[in-house]
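Here is the structure we will look at.
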Amino acid sequence: MHKMAGGQKHWDDVYGARSEDALTWFEATPAVSLDLVRDHLQPGEPFIDIGVGASRLVDVLIDEGFGPLTVLDLSAAALAVSRQRLGPRADDVAWIEADITTWEPDRYYAVWHDRAVFHFLTAAEDRASYTRALSAALRPGGIAIIATFADDGPEKCSGLPIARYEPEDLARELARLLPGQFETIDARRHMHITPKGNRQSFQYSVFRKAVP
């Protein structure tokens, strides 16, 4: 069985070693993700955040009345950070500890959000497994928001190699793995500033799943 880049121990160690606001990918307010989710998700529609880590996106979505909300991460330590931060509100979220490359969804979602998981999938078989899960999890007409390091972004993250993408590259890869299933409806670049002040170039792509 192929394992997600780094494996569970790597990510448990990462999240156990420092506070969430010291992680390079930390965002006090995940503005771009929020804008895109608000554009495409209606209250009452099911949402899933892939590789949620300690992201604060779910906090805002709870506050704004969205749900049902599901978060998935390989790392139990990462999920524990978010659960502790949310306190009693954690009961409003479905928590899934799983490797996205082996996960089998048991329901449909209206919106799939992934900030910085797909770019860790440097092996072709992992990308194929990810897109199988994406296809199985997203309802017809559903929206996938996938953010990766851009073509001028870092070549590594958390000590691991990553694959960088222009929006056109990501669209081609999705079309290759899931022919005819997804169309690009939005793409934008974003310069993320890390807690230490470093600049990381991201691209955010939004895809709509075809309706048969």
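At a probe radius of 1.4 angstrom, the accessible area of segment 71-148 per residue rounds to 36 square angstrom. Can you classify segment 43-200 as rounded, prolate or oblate using the Cα gyration tensor, where a ≥ b ≥ c are the square roots of its eigenvalues, rounded means a/c under 1.5, and otherwise it's prolate if a/b beats b/c and oblate if not? Since a/c reaches 1.5 but b/c is at least a/b, the shape of segment 43-200 is classed as oblate. Working note: Karplus 6.51/-1.76/1.60 with θ = phi - 60° gives segment 176-188 the couplings 5, 7, 10, x, x, 8, 10, 10, 6, 10, 6, 7, 8 Hz, where Gly and Pro are set to x. Each other residue within a Cβ distance under 12 Å of ASP49 adds +1 if Lys or Arg and -1 if Asp or Glu, for a net charge of -1. Each of the peptides 75-85, 179-189 was scored by the mean count of other Cβ atoms within 10 Å over its residues; in descending order, highest first, they stand as 75-85, 179-189.
The values are calculated or read from the model by the stated rules, or taken from the named source; none is laboratory data. These figures come from a predicted structure and were not determined experimentally. Every residue, glycine among them, receives a Cβ derived from its backbone with ideal geometry; neighbour counts consider all protein chains shown. Ligands, DNA and RNA are excluded from the accessible area calculation, which covers all protein heavy atoms including side chains. Shrake-Rupley method; radii C 1.70, N 1.55, O 1.52, S 1.80 Å.
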